[in-house]
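I have placed the structure first, in the form of structure tokens, so that the comments after it can refer back to it.
The values are calculated or read from the model by the stated rules, or taken from the named source; none is laboratory data. Note that the structure is predicted; figures quoted are calculated from it, not measured. Cβ coordinates were reconstructed from backbone atoms using ideal geometry, including for glycine residues, and neighbour counts include every protein chain displayed.
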């Protein structure tokens, strides 16, 4: 198992309970009204078969609030991310925190501040620099 930092605090207690509930209500509203785009036809059918409103032309899935809340209650608070070598397994979630360098999905030009998708070479260089 990788060495992790386990604090004597719950890192998700940065927000008050009411702030967390407000965010959750907002997310549920967006999932119901706006939805999420999925490109996979099999996934679209699976969502449709399980009570979601699916627009097969635009590939947008709208989720009923009850389904979202049910899934949230069923989801574990943490899980084991297994590695090829068990000594590198990681527990994700709960009170476990790992510190690592990583790069994002987008980059920004340092002169113009314009955001863009980095090339593969830029992504590789970013990872090398961060370690």
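Pairing each residue of region 92-107 that is farther than 22 Å from residue 126 by Cα with any residue that is in a strand (DSSP E or B) and at pLDDT below 70, provided the two are 6+ apart or on different chains, yields C-beta distances under 8 Å for 95/6; 96/5; 96/6; 97/5; 97/6. Against the criterion of being over 30 Å from residue 91 (Cβ atoms) and modelled with pLDDT under 95, residue 39 qualifies.
Within region 48-75, the set of residues being surrounded by 14 or more Cβ atoms within 10 Å (Cβ to Cβ), closer than 25 Å to residue 21 by Cα and in contact with a strand residue (DSSP E or B) (Cβ under 6 Å, 6 or more places away or on another chain) comprises 52, 61, 62. For region 12-34, the criterion of a residue being part of a loop (DSSP other than H, G, I, E, B), modelled with pLDDT under 95, at negative phi and within 17 Å of the chain's Cα centre (by Cα) is satisfied by at least one position.
In region 52-61 there is no residue matching the filter, namely being modelled with pLDDT under 95 and not in a helix (DSSP H, G or I). Candidates in region 62-81 are the residues that are under 18 Å from the mean Cα position of the chain (by Cα) and assigned to a loop (DSSP other than H, G, I, E, B); of these, the one that is modelled with the lowest pLDDT is 77.
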